Amino acid sequence: MKPLARGGDFWSGLVLAALGAWIVSEAHAWDYMTDEGPGPGFFPMWYGSLMVALSLVLVARTALKPPTREAQAAMNWKEIARALTCWVAFVACVGLMNVLGFAVSFALLTWFIVAYMARRPHREAAAIAIAGSAVFYGIFSYLLDLSLPAGYLF
Amino acid sequence: MDILTGLMHGFQVATTPLSLGMCMLGVVLGTVIGVLPGLGPPATIAMLLPLTMKLDPTGAMIMLAGIYYGAKYGGSTTSILLNVPGESSSVVTCIDGYQMARKGRAGPALGMAAIASFIAGTFGVVALMLVAPALAQVSLAFSSPEYFALMVMGLAMVVLLAGDSLVKALLSMLVGLWISGIGSDLFTATSRFTFGSVQLLGGIEFILVAIGVFAVGEVLANIEPQDPPKMLPVPKGIRNLLPTWDDMKRCRFAFVNGSVVGFIIGVLPGAGATIASFISYGIEKAVSRHPEEFGKGAIEGVAAPEGSNNAETGGALVPLLTLGIPGSGTTAILLAALTLWGFKPGPLFIHDQPQLFWGLVASMYIGNVVLLILNLPLVALFAQLLRVPAYVLQPLILGVSIVGVYAADASMFQLGLLALFGLVGYAMRKLDFPTAPLVLGLVLGDPMERALRQSLMMSQGHLSILLRPIPATLLVFAALLLAVPLFRKVNAIRVQVLEREEA
């Protein structure tokens, strides 16, 4: 098991148990059985209940076997922070597409990944970003005639 | 249409310039992504699927299938030269392939991987061609209860073989079922789990989740800067890539073993190419006259797993095309592709869509020949792809993901969901939750609920309808599959207690 999974199992179990409970509560509001057969609440009621039960098994199993100090020390928070930084950049890129359009937003994302995540020189990052964006526009917009996200400015 | 007529028709379809071009494009793309570690066929097919919507479905399916089996050829190159599997199914090839390369026999190892892949891949296509029409005939007798039980069994197999933790695999599958249930109810149009959003009334697109979990999640998981790989050299000249006659004689049984085991495992839902390669490697070692050479560079240790992971493709297409039941993440995406193009894989698929089925089969014969030709003289060229830095590939994957999702439904809301599912995919990797059950749950959720509700409507709510011979057998088998790890655990506890008592 990966080190993070030991502590993560407890919290992911709780989150999934909450999701399962919410599914059951929502399903409760819909017909379980109608004159014509099972209603819209039938299937969610079953898998929601199963989700709650299995999540609690996961939580209980982790609670009974607490993570060792070595495992906790081995959690690579730096790596997680890098991945989340990249994800935030991706979200920002998607958000900016409404304003800047695909080409500029994607170029900014590429530049960020190359310059900051991979720590390459800014000139190299800018070159890859501009070339990448141009190639994407050329292939998808002109050759394949696909619509790319357009913004107010571009 | 009998098999021979069907095949002739298939070759007419597969030899048109468009089909040949799509086949070439698919196998080359497949080889490229097979060589590159970290980018697999599910992510690639998911990313490219929305871009194929404007294409002829037969050509598009030929290309996507080419990516699927082409990746398995390419995966061996990375395993042999880098000791890193290019594909999960090539992990066993690392054991003896890399040892052969270290001893200066990289050429014969690469050559044998290509030859075994060709032989077993072709066997898989022959078996697909023979078995699929017969199975389709049998499954004509299936109705909703049988389909529900089949889907339960398929999910049970996937869950059982998906990861170390059965509980996590089951939870992953249940989340997939929940996502598939988002939107309007199939029978009553009741809005379910839509959070009051009009955009969620139509449900969440399978392809969006697949791209997010497989492609974006994979990029986030591999964002850590890595040292450039130390690759062993590829011998120059085709002569140095060909195995000797003695090597070929040693691998006779491995070809048969890989072909048969790969196809059979492929037909079983959930087992997949990685399991097939492990089993065929185990059999090969067990029957070998030189078991001591395994792990030290035995050429049979390359031929058997490489053969089996290629024969698995033909096997995996049998339940997909004749029952509409996928057995892995990649075949789940292929099922979604067929559904998006308006086809309904199932017992009538071969009868209703002979052009697509037989065209695909014929293209796979052609594709295997093309791959053999590509992978022998051009292997050095493909190996150079390993020098492309990850920081160039990562934005590329994210860009294709954005374009793919936007092409399917020009909506910024869908791109927001893509980012969300990318994070979910990353979290699943970090927390050791297997992704295949989520994708299978998602793709089978709707048909499974429909089959169950139709069954219970037929019986006016009585579960006894599931006790008919075929569904009952399948459901009991599924229950046994899920109980296996429990027995193993009980056995492990028993052994622990016994050991303590002895101490």
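Kindly indicate which of B:ILE223, B:ILE265, B:ILE275, B:ILE211 is of a type outside the set (S, T, N, Q), under 26 Å from the mean Cα position of the chain (by Cα), farther than 30 Å from B:GLN384 by Cα and buried (at least 19 other Cβ atoms within 10 Å of the Cβ). Outline the logic, then answer.
Details: B:ILE223 fails: farther than 30 Å from B:GLN384 by Cα; B:ILE275 fails: farther than 30 Å from B:GLN384 by Cα; B:ILE211 fails: farther than 30 Å from B:GLN384 by Cα.
Testing whether each residue is of a type outside the set (S, T, N, Q), under 26 Å from the mean Cα position of the chain (by Cα), farther than 30 Å from B:GLN384 by Cα and buried (at least 19 other Cβ atoms within 10 Å of the Cβ) leaves just B:ILE265.
Scanning the range B:232-262 for residues that are within 25 Å of the chain's Cα centre (by Cα) and among the aliphatic types (A, V, I, L, M) returns B:ALA254, B:VAL256, B:VAL260, B:VAL261.
Pairs linking a residue in the range B:17-38 that is on the phi > 0 side of the Ramachandran plot and open to solvent by less than 10 Å² (accessible area, probe 1.4 Å) to a residue that is β-branched (Val, Ile, Thr) and assigned to a helix (DSSP H, G or I), with Cβ atoms under 8 Å and 6 or more positions apart or on different chains, do not occur.
Residue check: B:GLY176 meets all listed conditions (1) surrounded by 23 or more Cβ atoms within 10 Å (Cβ to Cβ); (2) within 11 Å of another protein chain (Cβ to nearest Cβ); (3) at pLDDT below 90 but one, namely (3).
Within the range A:19-41, being under 17 Å from B:PHE187 (Cα atoms), surrounded by 15 or more Cβ atoms within 10 Å (Cβ to Cβ), hydrophobic (A, V, I, L, M, F, W, C) and more than 7 Å from chain B (Cβ to nearest Cβ) holds for one residue alone: A:ALA27. Within the range B:277-318, the set of residues being within 17 Å of B:SER76 (Cα to Cα) and among the acidic types (Asp, Glu) comprises B:GLU300, B:GLU306, B:GLU312. Does B:GLY181 satisfy the condition of being touching a strand residue (DSSP E or B) at 6+ places or on another chain (Cβ under 7 Å), more than 26 Å from B:GLU312 (Cα to Cα) and more than 14 Å from every other protein chain (Cβ to nearest Cβ)? Against the criterion (touching a strand residue (DSSP E or B) at 6+ places or on another chain (Cβ under 7 Å), more than 26 Å from B:GLU312 (Cα to Cα) and more than 14 Å from every other protein chain (Cβ to nearest Cβ)), B:GLY181 does not qualify.
If I ask for residues that are open to solvent by 30 Å² or more (accessible area, probe 1.4 Å) and aliphatic (A, V, I, L, M), which ones from the range B:125-143 would you list? Hits for the range B:125-143 are B:VAL126, B:LEU130, B:VAL131, B:ALA134, B:LEU135, B:VAL138, B:LEU140, B:ALA141.
For the range A:43-144, which fully contained helices (runs of 4 or more DSSP H) count at least 1 residues that are in contact with a helix residue (DSSP H, G or I) (Cβ under 6 Å, 6 or more places away or on another chain) and either among the charged types (D, E, K, R) or at the interface with chain B (Cβ under 10 Å from one of its Cβ atoms) (or both)? Let's see the steps before the verdict.
Numbers: elements: A:69-73, A:77-112, A:122-136.
Per the criteria, A:77-112, A:122-136.
The values are calculated or read from the model by the stated rules, or taken from the named source; none is laboratory data. Source: prediction; values computed, not measured. Quick reminder, even Gly has a Cβ in these numbers, built from the backbone with ideal geometry, and neighbours come from all protein chains shown. The area values use the complete protein model at the heavy-atom level, side chains included, leaving out ligands, DNA and RNA. Shrake-Rupley method; radii C 1.70, N 1.55, O 1.52, S 1.80 Å.
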